[in-house]
Amino acid sequence: MMAAKTALQASILVPGAPACAEALVLTAPISFWGGVNPQTGLIADVRHPEHGVSIRGRILCLPGTIGSSSAAAVLLELVHAGLAPAAIILHEPDAILLLGLIVAREMGHEVPPALQLDKAEFAGFEGRMLSIDADGRMMTEAV
């Protein structure tokens, strides 16, 4: 039996390498500063519903972010250490967080793409593989 596929178009915030990985849909906003451990790639905030889950190599779907001027540095560290998500999908752009990807790219690192898509679409991603091409086209497929 063939798995059902769905196609969506997202807006590109920061271009990056095409990605294909399992989605990690966060159920609450997160602060990268103190919320994600840059040495392990694990969600470190003990109050976050996904505490202890790894973001490494996943397509990270963020319903929102909790601002910190250090979020860019944490994301840069994750990219440098090879612990970054395969892609980041944001409901709303976060300029500080995205700056981490831009700086990482300027430093010569391959960066995950960052995209914008309405969070209403996120529920359909849980338990699915997502493929994202260079133009922001996304295909979802059941795992």
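Annotations for the structure displayed:
- Considering only beta bridges that DSSP places wholly inside the chain, some 65 percent are antiparallel.
- Of the GluC sites (Glu not before Pro) found in the range 61-143, those in coil by DSSP whose Cβ has at most 12 other Cβ atoms within 10 Å are 110.
- Scanning residues 5 or more positions from residue 86 or on other chains, those with amide H under 5 Å from its amide H are 57, 58, 59, 60, with H placed 1.01 Å from N in the peptide plane.
- Packing-based ranking, highest mean first, of 70-76, 83-89 given that Cβ atoms within 10 Å are counted: 83-89, 70-76
- Å² of accessible area per residue within the range 1-140, as computed with a 1.4 Å probe and no ligands counted: 49 Å²
- Rounded to whole Hz, the Karplus (6.51, -1.76, 1.60) HN-Hα couplings of the range 18-23, x for glycine and proline: x, 9, 9, 6, 6, 6
- Charge tally in the Cβ shell below 11 Å around residue 23, where Lys, Arg are +1 and Asp, Glu are -1, residue 23 excluded: -2
The values are calculated or read from the model by the stated rules, or taken from the named source; none is laboratory data. As the structure is a prediction and not an experimental result, all values here were calculated from the model. As a convention, Cβ positions derive from the backbone with ideal geometry for all residues, glycine included, and neighbour counts pool all protein chains shown. To get the accessible areas, we keep the full protein, side chains included, count just its heavy atoms, and leave off ligands, DNA and RNA. Shrake-Rupley method; radii C 1.70, N 1.55, O 1.52, S 1.80 Å.
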